[in-house]
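Structure, as structure tokens:
FYI, it's all coordinate maths here, none of it is from the lab. Source: prediction; values computed, not measured. No Cβ is skipped: glycine too gets one built from the backbone with ideal geometry, and neighbour counts run over all protein chains shown.
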Amino acid sequence: MRFSVRVFLQRFSFACFSLFLFAQFASAQNQNTGKLTGTVTDPRGAVIAGARISAEPIPATGEAVRGVSASDGTFALTLPVGRYHVTISHDSLSRIDQEISIAGGETRDLQVRMALEPLSSKVVVTAQTLPLDAESSAAPATILTREQIEQRVATSLPDLLATQAGFSLGRTGPEGGSASLFLDGGNSNYTKVLLDGAPLNTPGGFIDFSDFTPDNIDKIEVVHGAESALYGSDAMDGVIQIFTHRGTMRVPEFTAFADGGNFASRRGGAQLSGLLDRFDYSAGVSDLETAGQGVNDAFRDRTLSGNFGWKFSDTARAGLSLRDNVSAAGTPGQTLLAPANPTDSIGLHNFTASLHTEFTTGPRWHHQMNGTEFYFRELNHGSFGDTLYQYNRSRFAGQSSYLVKAIGITAGYEYEVENGFISYIGFHARRNNQAGFLDARWQPAARLTLSAGVRADDNADFGTRVVPRAGASYALRIAQGAFGDTRLRASYGQGIVEPRFDQTFGTDPCFTGNPDLSPERSRTVHAGVEQKLASDRLRVTVDYFDSRFRDIISFQSDPATFCGTFFNTNLARARGANFSGEARVTHWLSASANYTYDSTRTLSAPTDPVNLDPNYLPGSRLLRRPVNSGNAMLNATFLRMNWNLSGYFTGERFDYNYPGQIINPGYARFDLAASYNVSRGFSVYGRIANLADKQYQDAYGYPALGREFRIGVKYTTRRE
């Protein structure tokens, strides 16, 4: 082939011209587009893979541009010139929303630090001073999500919690009867209950769940074991925290529902939530009425709730949570033992407010401040007159946390004022309490998380008590396939419960208070293993617990006059295990089950037979806590329908029957709930509780509700 200068020059000129045209085209393209890049990290600075990035044009003139962060946490999107609403989200982290502008040829870099999302089902808030990944929690924790609550179509919190591992229910009658929950064998006042951080227990730990509905609730966390090192008095055996809904959508979400059924029952309510620039809001109202199944068995419950927040910046937010609940119920008494009382009644009023703010100062410091107010009023109208109980707890707490990649250390202070008036005491009582606490979390290796804490509580009645806690969570095996991850966890804690006001300040000559009472004390140990199987479609958990309860407060009386006073007397224990399993059988069918073995015993009591409390005989089991109990549930979603079948069983329990104890037989109960999406936003639902119309009693002498059915309609604008 002969070389031609003329041909070479022609081809060279054509190549140069092509390169020039391409450069001009690329330059024009560059002027019409820009790049959005960045790195996504967690609160401790570790990179996050799999975060979802979305850039939506403002105004919405086309489809959003989407991407995912890589294994090193980085991402890159090419965007046309303009303004965008950028959203960065992850299943267990709080969503980041930001508006940006992209100029031609510009590369905009975002360094995003995401916080753990408190309402995520993969995050536990209650087990530490700061939220943490649920799998890293040393203390056993279970979570009820908004989706699970809606699938159950439940109308009360006790019905939801009674089917969780470790719980047993004591309810004095059907709707409106006093409802108490026992966790892992502890007394009903040994579990602290929080609503968006505000304590709901009256002084001394008691709480009546009878009028607590799940309306406007997004999530419920249950942490097992003594947590007084974090929460002070009342957290003797565990903590329940309830989180109300927060608005997250720029388009307002509105929901309204109404239903009715037998026993002349009717219920209705509405909820509105959304996100308006920096302001998030959620408000709900509900009303429940029923005539009950017998004489003087009517019940009415009204609830107002709201959750409002203002985001000052990506690292600073303030929120206000409010809930007001008023109920009235007839109290016919132990109708299985005596005729119904036609006139007695009980009225309850609960009000809770929580003002919370959190902010950061630099990359390492995270601060929280929280002010709460709880008001409780109970009026009992009886044959021998009225009895009034009024309490309020006002509390301020502040904490600061220092975070590095492997360590988090928190120091905090809390001040609380308790006020109370009980009509048979006849005067106003008050306690001022304060506490300081330290809590630390350390991850010395990728698979190991250690935690420890201590609290000094200074109580106006019994002085200062120091309570510690410690725990560890270790991923023994990380794998996929038939035999997946294996995680071990263990925790130790001590707890206290202050005496009730009547136990300390009582002035009735026949029921005198004892100002020298010490707090009831506990020591709890939990150890367990969690195993994932079948490519994470099956998860099995076993948790062993051993608890000791000391200085239990008993009322000791003279059998001739029935008069007496209160003393710290007994030692008792609860020992057993919670077994639970969850399975995704198919994409439309899931199953779960749990079983609890709970052996309780009174170990020692006063030797004086005259003053012996019959509820604490040495060797006897603790009241209303079955040795064997369990639950099984199936949930199916296909086409437009959801079906939920749950079954609960409990073995025999000891109960009080003057002058001693009696065995309350066990029972099994089944509930069925279903919903059908008729069209976009409109659905019908129904529920049959006690499907087999089983006759049973959670508390001796008080009959539970027979077969109950409800059917209703619901409309929502929520985006699914």
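What size of dipole, in debye to the nearest 20, comes out for the chain about its Cα centre when the only charges are +1 on Lys and Arg C-beta atoms and -1 on Asp and Glu C-beta atoms?
2980
Using amide H atoms built in the peptide plane, which far-off residues or other-chain residues are under 5 Å from Asn657 H to H?
Hits under the 5 Å cutoff: Ile662.
How long is the gain from Glu582 to Tyr415 if the chain were fully straight, where each residue apart is worth 0.36 nm and the alpha carbon distance is subtracted?
Length gained, Glu582 through Tyr415: 56.0 nm.
Calculate how many DSSP beta bridges within the range 123-239 are antiparallel, expressed in % of all such bridges and rounded to the nearest 5.
Antiparallel: roughly 90 percent of the beta bridges in the range 123-239.
Could you please state, rounded to a whole Å, how far the C-alpha centre of the range 103-141 is from the C-alpha centre of the range 144-191?
Each part's Cα centre sits 29 Å from the other's.
Length gain on complete extension for the stretch Asp508 to Asp277, per 0.36 nm per residue less the alpha carbon to alpha carbon distance?
77.4 nm
Angle, helix 5-32 long axis vs. longest principal axis of the chain, Cα atoms, 0 to 90°, nearest 10?
Compared with the principal axis, the helix lies near 30 degrees.
Name the residues whose placed amide hydrogens come within less than 5 Å of the amide hydrogen of Val678, ignoring near sequence neighbours (fewer than 5 apart) on the same chain.
Here the answer is Ser683, Val684, since their amide H atoms fall under 5 Å of that of Val678.
Scattering from the C-alpha atoms of the range 423-536 alone, worked out with Debye: what is log10 I(q)/I(0) at q = 0.16, 0.24 1/Å?
-0.84, -1.24
Can you pull the one-decimal nm distance between simple spin-label points at Val678 and Ser101, each 7 Å off the Cα toward Cβ?
Distance between label points: 4.9 nm.
By its C-alpha gyration tensor, with a ≥ b ≥ c as the square roots of the eigenvalues, how is the range 123-239 shaped: rounded for a/c under 1.5, else prolate for a/b larger than b/c, else oblate?
oblate
Taking a point 7 angstrom from the Cα of Lys405 along the C-beta vector, which residues in the range 115-135 have backbone N less than 15 Å away?
none
Looking at Ala429, Ser557, Ser473, which one has the Cα that reaches farthest to the positive end of the dipole of the chain (charges on Cβ: Lys, Arg +1; Asp, Glu -1)?
Ser473
Can you give me the distance in nm between label points at Leu589 and Thr61, each placed 7 Å from the Cα along the Cα-to-Cβ direction?
5.2
Counting DSSP beta bridges with both partners in the chain, what percentage is antiparallel, nearest 5?
95
For the chain, what is the mean residue ellipticity at 222 nm derived from helices alone (per DSSP H run of n ≥ 4: -39500 (n - 2.57); sum divided by total residues; nearest 500 deg cm²/dmol)?
Per the formula, -2000 deg cm²/dmol.
Once each part is reduced to its C-alpha centroid, what is the distance from the range 703-717 to the range 406-432 in angstrom?
With the range 703-717 and the range 406-432 each reduced to a Cα centre, they are spaced 39 Å.
Assign unit charges at the C-beta atoms only (+1 for Lys and Arg, -1 for Asp and Glu), then state the dipole size of the range 31-113 relative to its Cα centre in Debye, rounded to the nearest 20.
Taking the Cα centre of the range 31-113 as origin, the dipole is about 60 debye.
Counting only chymotrypsin sites (Phe, Trp or Tyr not before Pro) that are in a DSSP loop and have at most 11 other C-beta atoms within 10 Å, tell me the longest site-free stretch of the chain.
4-383
Run the numbers for Val713 and Val542: contour at 0.36 nm per residue of separation, minus the present Cα-Cα distance, in nm.
Taking 0.36 nm per residue and subtracting the Cα distance, the gain is 57.6 nm.
For the chain, what is the number of Lys pairs with C-alpha distance below 26 angstrom, counting only pairs 8 or more positions apart or on separate chains?
Number of lysine pairs found: 10.
Label-point separation (nm) for Gln480 and Tyr696, each offset 7 Å from Cα along Cα-to-Cβ?
Output for this residue pair reads 4.2 nm.
Could you state the number of Å between the C-alpha centres of the range 296-358 and the range 509-565?
If you average the Cα positions of each part, the centres end up 26 Å apart.
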